[in-house]
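> Have a look at the structure that comes next, please.
The values are calculated or read from the model by the stated rules, or taken from the named source; none is laboratory data. Note that the structure is predicted; figures quoted are calculated from it, not measured. In this analysis, Cβ positions are derived from the backbone assuming ideal geometry, glycine residues included, and neighbour counts consider all displayed protein chains.
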Amino acid sequence: MIQNCPTGQFFLSVDGADCVPSPYLVWYRERIQKTLERIGRMDAFKALIPRDNFFAFEGGEGSGKTTQAKLLTQRLREKGYEVCNTHEPGGTLVGERIREVLLDPKLEREILPFTSACLFAAFRYQWVTEIVQPMLHNGNIVLTDRSFLATLVYQSLEGVKNEEFLHRLCVEAMGGIMPSTIFLLDISIDTMFKRLIATTRYDKKDRSYHEKVFESYRAFARKYPERIEFVDGEQPMGKLADYLYGAIKERIV
């Protein structure tokens with residue numbers, strides 16, 4: 001029996017069992033296959049479909065993502081918009097439990113790169129299914145602190161050298177969609193250390209690691225300028241908030 005599940009997509013219910021993605025999933029996998037035939041390898045930025053009113057904030061530690069997402073959420077709500085302010089990793093009951101494992105400094109020497117990448121994909125699938133898709137379907141603007149781009153940056157630096165594997169993980173976990181714009185808030189490494197309060201295992205990594213994170217983000221921004229907007233994160237907080245508000249306002253559909 002075909003029915004409309006909470007995600008707003010059509011699913012197939014088999015003998016009363018849990019909803020199983022059907023027509024949409026078939027179409028989506030066919031699209032991925034055609035993309036692979038065209039580009040020769042998996043590329044999340046080419047395989048995923050940008051969704052209107054879905055925006056992400058990215059950058060290294062201390063770049064101001066969380067602060068700006070909160071400021072924009074408040075400002076947009078004051079203007080009458082329905083806004084969902086969410087974050088990666090986490091956002092759901094299952095996701096928050098996975099987050100505890102992923103960010104625990106005590107597990108820095110225990111968690112393997114492949115394990116970390118798969119856990120990020122697991123929470124992301126849960127997050128997109130439970131939060132992002134339903135909110136977009138109901139007409140909400142979705143602002144997220146981090147996105148799948150973080151996996152392409154951090155898990156690669158952690159030791160997952162198969163770039164295509166990471167892209168495929170992101171494509172499957174995102175359920176076919178991506179933010180229409182990813183705002184990359186860029187700051188200097190010195191500014192990062194002035195702002196940073198080290199609490200997670202990523203915060204506690206050395207200067208060399210963080211320099212590689214920042215450079216990796218910049219490389220992605222250069223490679224995908226149509227999807228990643230490079231923003232000077234060194235601006236005063238209010239000025240930066242005004243810029244991001246204007247940039248998002250003109251993109252709201």
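> Please count how many residues of segment 74-102 are assigned to a helix (DSSP H, G or I) and crowded, with 17+ Cβ neighbours inside 10 Å.
Residues in segment 74-102 being assigned to a helix (DSSP H, G or I) and crowded, with 17+ Cβ neighbours inside 10 Å: 6 in total.
> Answer yes or no as to whether residue 188 is over 24 Å from residue 90 (Cα atoms) and free of Cβ contacts under 8 Å to residues at least 40 places away in the same chain.
So residue 188 does not fit the description; no.
> Among residues belonging to segment 150-172 that are closer than 20 Å to residue 228 by Cα and either free of Cβ contacts under 8 Å to residues at least 12 places away in the same chain or basic (Lys, Arg) (or both), point out the one that is surrounded by the most Cβ atoms within 10 Å (Cβ to Cβ).
The residue in question is 168.
> Within segment 136-149, can you find the residues that are out of contact with any Ser or Thr (no Cβ under 8 Å at 6 or more places or on another chain) and either surrounded by 21 or more Cβ atoms within 10 Å (Cβ to Cβ) or not assigned by TED's automatic domain parsing to the domain that holds residue 81 (or both)?
Within segment 136-149, 141, 146, 147, 148, 149 qualify.
> Residues in segment 157-175: is at least one basic (Lys, Arg) and more than 19 Å from residue 116 (Cβ to Cβ)?
no
> Follow-up question, since we're still on this one. Among the residues of segment 156-194 satisfying the criterion of being of a type in the set (D, E, K, R) and part of a helix (DSSP H, G or I), which is nearest to residue 109 (Cα to Cα)?
158
> Tell me which of these residue 220 doesn't satisfy, since it passes every other one: (1) touching a strand residue (DSSP E or B) at 6+ places or on another chain (Cβ under 7 Å); (2) over 14 Å from residue 65 (Cβ atoms); (3) outside any helix (DSSP H, G or I).
(3)
> Right, another one. Of 239, 205, 212, 223, which residue is within 30 Å of residue 101 (Cα to Cα) and modelled with pLDDT of 95 or more?
212
> When residues of segment 136-155 are filtered for being under 17 Å from the mean Cα position of the chain (by Cα), part of a helix (DSSP H, G or I) and over 18 Å from residue 45 (Cα atoms), how many remain?
Adding up the residues that qualify gives 1.
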